[in-house]
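Scroll down for the structure; my scribbles are underneath it.
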2 protein chains.
Amino acid sequence: MQFPPPPTDKHELEEGLAFTPKFDAHGLIVCVTQEAASGEILMLAYMNALALDKTLETGIAHYWSRSRNALWRKGDTSGQVQKLVDLRVDCDQDALLLRVEVGGDGKACHTGRKSCFYRAVSPEGGLTEV
Amino acid sequence: MQFPPPPTDKHELEEGLAFTPKFDAHGLIVCVTQEAASGEILMLAYMNALALDKTLETGIAHYWSRSRNALWRKGDTSGQVQKLVDLRVDCDQDALLLRVEVGGDGKACHTGRKSCFYRAVSPEGGLTEV
């Protein structure tokens, strides 16, 4: 799939029904992944046009690994496959929200936790596990 | 507040209790904002060290506006002030999750909607309002 370039008209970008994802200078768009049933935020990752295309085509979340510089079908090795419930885009179309159902043991973080956001920051700047 | 640089040791970064946010080449870190009570994702924005410092100091969400290149206390003009319930960091400390309670009319999007993620992408690439 070819994604059309963002329209120059702000109203069209925000109110229109054309999907015109805005990729950054590295060809990436940021994605928040949320467990659809619980609302829990699982992770934050990036997609390039290929990963986004594969995600829409297969209904399974694909990301672009910035560290490995490679297409990454989440769960390929862990079994924690993310089945798309829906994919949403924000007002200015430079961020995506993936609402998913997780396969395998239902987790998303490579540290063995369900969510990558397992530490809270105290006002003084320390962390505590939540 | 000065934020210490990320440790070189991965285990320390992921399992440690030192908050070492990793800012990108533009000095920014990505933030997902979630309504704490409902779990609804409201918006995605960025913070620089100043915005993060102000957020921790005041308990009110501050962001860095990339379009205006300015510190942005969310809700200053709209009344949609975001009171921090907690702030979490992900495994590799390059993304933040803000869990908030929203003041004013409880909305977050400048288009007048509660959430910025008000359109779903169909597998064929069109959008529908959710």
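The values are calculated or read from the model by the stated rules, or taken from the named source; none is laboratory data. Given the structure is predicted, the values throughout are model-derived calculations rather than measurements. Cβ atoms come from the backbone with ideal geometry, glycine included; neighbour counts cover every protein chain shown. Please note that ligands, DNA and RNA were not included when accessible areas were found on the heavy atoms of the full protein model with its side chains. Shrake-Rupley method; radii C 1.70, N 1.55, O 1.52, S 1.80 Å.
Here is the figure for the range B:112-125: residues that are open to solvent by 40 Å² or more (accessible area, probe 1.4 Å) and either of a type in the set (S, T, N, Q) or under 25 Å from A:Thr58 (Cα atoms) (or both) total 2.
Are any of the residues in the range B:3-12 out of contact with any Leu (no Cβ under 7 Å at 6 or more places or on another chain), within 20 Å of A:Ser122 (Cβ to Cβ), within 10 Å of another protein chain (Cβ to nearest Cβ) and of a type in the set (Phe, Trp, Tyr)?
yes
Would you confirm, using the coordinates I've provided, whether A:Thr20 is among the hydroxyl-bearing types (Ser, Thr, Tyr), in a helix (DSSP H, G or I), open to solvent by less than 30 Å² (accessible area, probe 1.4 Å) and at negative phi? For A:Thr20, the condition - among the hydroxyl-bearing types (Ser, Thr, Tyr), in a helix (DSSP H, G or I), open to solvent by less than 30 Å² (accessible area, probe 1.4 Å) and at negative phi - is not met.
Per-residue answers, yes or no, for (1) touching a strand residue (DSSP E or B) at 6+ places or on another chain (Cβ under 6 Å); (2) at pLDDT below 95; (3) hydroxyl-bearing (Ser, Thr, Tyr); (4) open to solvent by 30 Å² or more (accessible area, probe 1.4 Å):
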site	(1), (2), (3), (4)
A:Glu12	no, no, no, yes
A:Ser38	no, no, yes, yes
A:Met43	yes, no, no, no
A:Val89	yes, no, no, no
A:Leu96	yes, no, no, no
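Exactly one residue among A:Ala25, A:Ala108 is more than 8 Å from chain B (Cβ to nearest Cβ), touching a Cys at 6+ places or on another chain (Cβ under 7 Å), of a type in the set (A, V, I, L, M) and part of a loop (DSSP other than H, G, I, E, B), and that residue is A:Ala108. Looking only at residues of the range A:50-82 that are assigned to a loop (DSSP other than H, G, I, E, B) and among the polar types (S, T, N, Q), we find that the one that is nearest to A:Asp105 (Cα to Cα) is A:Gln80. When B:Gly39 is tested against (1) part of a loop (DSSP other than H, G, I, E, B); (2) within 26 Å of B:Lys10 (Cα to Cα), only condition (2) is not met. Considering A:Val85, A:Val100, A:Val30, the condition of being open to solvent by 70 Å² or more (accessible area, probe 1.4 Å), hydrophobic (A, V, I, L, M, F, W, C) and either touching a strand residue (DSSP E or B) at 6+ places or on another chain (Cβ under 9 Å) or not in a helix (DSSP H, G or I) (or both) is satisfied by A:Val85 alone. Answer yes or no as to whether A:Val100 is more than 7 Å from every other protein chain (Cβ to nearest Cβ), farther than 18 Å from B:Val89 by Cβ and touching a residue at least 60 places away in the same chain (Cβ under 8 Å). When the stated conditions are applied, A:Val100 passes them. Find all pairs meeting these conditions: Cβ atoms under 6 angstrom apart; at least six residues apart or on different chains; first residue within the range A:15-29 and of a type in the set (Val, Ile, Thr); second residue open to solvent by less than 100 Å² (accessible area, probe 1.4 Å) and part of a loop (DSSP other than H, G, I, E, B). Filtered contacts from the range A:15-29: A:Thr20/A:Pro4; A:Thr20/A:Pro6; A:Thr20/A:Gln93; A:Ile29/A:Pro21; A:Ile29/A:Phe23.
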